[in-house]
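**Student:** Here it is, the structure, as structure tokens.
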Amino acid sequence: MIYSVAGTLIYKGDDFVVIEAGGVGLRLAVSGATLKALPAAGGEGAARVMVFAHLHVKEDALDLYGFTSEDERDFFEMLIGVSGVGPKSALAILDTGPLDELAAAIKENRPDLLTRAAGIGRKTAERVILELKTKVESARSSAMVERMDTDADLIEALASLGYRRDEARVALARVDSGAKSAEERLKAALKVLSAKG
């Protein structure tokens, strides 16, 4: 079992990174959150990084997956333990929101929040909830699910204004926690997006 990989980050792709460790370049598939959390790759003074790893063994391949936290790796491993959820589907689920929100969606029995992940249908989402409901911890899960619902509506509103959904999701994540109402969060997200442009 490979627990972690430490070395020089030499390349970042759309959904993977290459870390050189001991003279070997290791390709690790990563979630969007992990990709964003890692520094720029390559060049002079390339960054040394450490990621937690999961080695997925298949009949015809050995695939490495990397995560910036043990909690994210553990959640990934719980997800792939669910029948019908492979590593790519698990990464897609991880990309739908922070771990505490995903745990809240599972605790609150909300498959509609999990089906936002690419390739996850309602039956798979319901299976994830059925198998993981007793395994995940989530304080204030109902409040988190309510916030996820609101944020999903806000992401759609921002998308209808011409912003990409991933940009909208990042902007909402940067909104000050003091913004409580949907209207306040929308205005704050628009400020974040206009500052970027």
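Conditions (1) more than 14 Å from the chain's Cα centre (by Cα); (2) hydroxyl-bearing (Ser, Thr, Tyr); (3) surrounded by fewer than 19 Cβ atoms within 10 Å (Cβ to Cβ); (4) farther than 13 Å from Ser31 by Cα, marked per residue:
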{"position": "Gly97", "(1), (2), (3), (4)": "no, no, no, no"}
{"position": "Ala125", "(1), (2), (3), (4)": "yes, no, no, yes"}
{"position": "Asp149", "(1), (2), (3), (4)": "yes, no, yes, yes"}
{"position": "Ala152", "(1), (2), (3), (4)": "yes, no, yes, yes"}
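Residue by residue, here is whether (1) of a type in the set (Val, Ile, Thr); (2) within 20 Å of Asp153 (Cβ to Cβ); (3) part of a loop (DSSP other than H, G, I, E, B) holds:
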{"residue": "Leu91", "(1), (2), (3)": "no, no, no"}
{"residue": "Glu101", "(1), (2), (3)": "no, yes, no"}
{"residue": "Asp112", "(1), (2), (3)": "no, yes, no"}
{"residue": "Arg116", "(1), (2), (3)": "no, yes, yes"}
{"residue": "Val128", "(1), (2), (3)": "yes, no, no"}
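**Student:** Still on this structure: For segment 17-55: of the residues being modelled with pLDDT under 95, under 18 Å from the mean Cα position of the chain (by Cα) and not aliphatic (A, V, I, L, M), which is surrounded by the fewest Cβ atoms within 10 Å (Cβ to Cβ)?
**Tutor:** Pro39
**Student:** Give the residue that is farthest from Glu137 (Cα to Cα), with candidates limited to residues of segment 56-74 that are at pLDDT below 95 and of a type in the set (A, V, I, L, M, F, W, C).
**Tutor:** Among those that are at pLDDT below 95 and of a type in the set (A, V, I, L, M, F, W, C), it is Ala61.
**Student:** Go through the residues of segment 6-13 one by one and say whether even a single one is at negative phi, outside the structural domain of Gly121 (by TED's automatic domain parsing) and under 19 Å from the mean Cα position of the chain (by Cα).
**Tutor:** Scanning segment 6-13 turns up at least one residue that is at negative phi, outside the structural domain of Gly121 (by TED's automatic domain parsing) and under 19 Å from the mean Cα position of the chain (by Cα).
**Student:** Quickly run through segment 1-35 and pick out the residues that are of a type in the set (D, E, K, R) and without any contact (Cβ under 8 Å) to a residue 60 or more places away in the chain.
**Tutor:** Those that are of a type in the set (D, E, K, R) and without any contact (Cβ under 8 Å) to a residue 60 or more places away in the chain: Lys12, Asp14, Glu20, Arg27.
**Student:** Follow-up. If a residue has to be more than 15 Å from Thr68 (Cα to Cα) and either among the hydroxyl-bearing types (Ser, Thr, Tyr) or surrounded by 14 or more Cβ atoms within 10 Å (Cβ to Cβ) (or both) to count, how many in segment 1-16 make the cut?
**Tutor:** 2
**Student:** While we're here: Give the residue that is surrounded by the most Cβ atoms within 10 Å (Cβ to Cβ), with candidates limited to residues of segment 57-74 that are touching a strand residue (DSSP E or B) at 6+ places or on another chain (Cβ under 8 Å) and in a helix (DSSP H, G or I).
**Tutor:** Among residues in segment 57-74 that are touching a strand residue (DSSP E or B) at 6+ places or on another chain (Cβ under 8 Å) and in a helix (DSSP H, G or I), the one surrounded by the most Cβ atoms within 10 Å (Cβ to Cβ) is Glu72.
**Student:** What is the number of the single condition among (1) on the phi > 0 side of the Ramachandran plot; (2) in contact with a strand residue (DSSP E or B) (Cβ under 7 Å, 6 or more places away or on another chain) that His54 does not meet?
**Tutor:** Exception for His54: condition (1).
**Student:** Another question about this same structure. Please enumerate the residues belonging to segment 126-164 that are under 16 Å from Ala188 (Cα atoms) and modelled with pLDDT of 75 or more.
**Tutor:** Thr150, Asp151, Ala152, Asp153, Leu154, Ile155, Glu156, Ala157, Leu158, Ala159, Leu161, Tyr163
**Student:** Then there's this: Kindly list the number of the only condition in (1) under 23 Å from Arg165 (Cα atoms); (2) in contact with a His (Cβ under 8 Å, 6 or more places away or on another chain) that fails for Asp63.
**Tutor:** The one condition Asp63 does not meet is (1).
**Student:** Quick one: count up the residues across segment 75-89 that are in a helix (DSSP H, G or I) and touching a helix residue (DSSP H, G or I) at 6+ places or on another chain (Cβ under 9 Å).
**Tutor:** 8
The values are calculated or read from the model by the stated rules, or taken from the named source; none is laboratory data. Source: prediction; values computed, not measured. FYI the Cβ positions are ideal-geometry reconstructions off the backbone, even for glycines, and counts take in every protein chain you see.
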